């Protein structure tokens, strides 16, 4: 598919905002949804809405087939060995909290270390802060280079034999930095630590093979990769998941319930208490079908090319600062500030031009502190964006500068 054909699948893009054609540059926060996903959700609710697993009637069977069929699609999509390693969650935040609460609190003690980076999303900071507080462990940060990348020498120096958990995002949601997860995993494993990966910004933009990365846990959300909101995935190595206790209890996750003792279902269902996210899983499965039809290699090539183009065009704007590494070390987004203009004001003026960007701390306040700013503006791209839209962004930024120079 070419870009024109791809855009036809996203009806939301065919509209005007404030009298201008919509330019949606906020896919890092949430992507738009293709008709195939929208239709899959509608079809489920119109034709076979039912609970899963226990029902023997026709609608229940269809729903179970759709739900568990989506699990197999996810397994294949990230290269997991077994569907027992694929747990559906409410999102990546829930997935990371499961690892922290179930694995972290059991396997970390006073004197141990948990290692993360300054660029982590709050969802990959706060759970580890809580584990450290409860257990008495030390939370350590891998330093960043001046351009917002990670040097493996710093990884080697930060991770020690006392390190039990290393948790790093695959791609930064602020800097766009592509982190060397496979190499960091090797260092973590050398010291006996487990490797947790926040894959929210990588799974939508590139092929992910969890067995090649050799990470122990991998979390991502459907809504950033053309799927619905409210569902995410936790991948975990089977040997680790089997030893972990559930963090939610109730229906669906039990095997036998007695008056005083209960036993759990086998993987992955012991981590999926209550009525599962059936429609969300079906929508995620449809999103994976769509992305694979376009081709993850094609998506990665397009996104990196567009990011490079945006980086180069924005670099020519006087008084504009871009944060993060050079184009060859990043993907998916460009984060910036305009001298003497607050990023919220930038986003407001751009919205008047029909251009949607995000402004704020992007759930990364430790990184904002490292950058010595309180907030930034961010333009994030996906498979449906074009160079012409980047040109509109640049024109909108120039208009913003002109407006505030006359205020």
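Things worth noting here:
- Structure-based [θ]222 nm, the chain - -39500 (n - 2.57) summed over DSSP H runs of at least 4, per residue, nearest 500: -11500 deg cm²/dmol
- Length released on extending from residue 318 to residue 146, taking residue separation times 0.36 nm less the Cα-Cα span: 59.8 nm
- Gap separating the Cα centres of the stretch 70-98 and the stretch 320-357, nearest whole Å: 32 Å
- Radius of gyration and maximum dimension Dmax of the stretch 264-407, Cα, Å: 19.2, 66
- Here, P(r) means the percent of Cα pairs in each 5 Å bin from 0 to the largest distance; for the stretch 48-292 it is 1, 7, 14, 18, 19, 16, 11, 7, 4, 2, 1, 0, 0.
- Residue among 306, 96, 240 with the largest mean-square fluctuation in a Gaussian network model of the chain, springs linking Cα atoms under 10 Å: 240
- Helix 296-315 and the longest principal axis of the Cα set of the chain meet at an angle near 30°.
- Between helix 387-405 and the chain: long-axis angle, C-alpha atoms, 0 to 90°, nearest 10: 60 degrees
- Beta-bridge orientation, the stretch 48-292: approximately 45 percent antiparallel, per DSSP, counting only bridges with both partners inside.
- Comparing 329, 392, 153 in a Gaussian network model of the chain where C-alpha atoms under 10 Å apart are linked, the largest mean-square fluctuation is found at 153.
- FRET E, pair residue 62, residue 82, Förster distance 35 Å, beta-carbon r, rounded to 0.05: 0.90
- For the residues 310, 352, 375, a GNM of the chain with alpha-carbon springs under 10 Å puts the largest fluctuation on 352.
- When 311, 403 are arranged by Cβ crowding within 10 Å, least crowded first, meaning fewest neighbours, the order is 403, 311.
- Over all directions, the projected convex hull of the C-alpha atoms in the stretch 197-340 averages 12.2 nm² in area.
- Paramagnetic reach from residue 109 in the stretch 138-160 [backbone N under 15 Å; point 7 Å along Cα→Cβ]: 138
- Sorted peptide list for 54-64, 137-147, criterion being average Cβ within 10 angstrom, highest first: 137-147, 54-64
- The stretch 108-162 shape via C-alpha gyration tensor axes, a/c threshold 1.5: oblate
Read the figures in this text as sums done on the coordinates, not as results from a lab. Everything numeric here is computed off the predicted structure, so don't read it as measured data. Because the Cβ atoms are built from the backbone with ideal geometry, glycine has one as well, and the counts that use them run over all protein chains shown.
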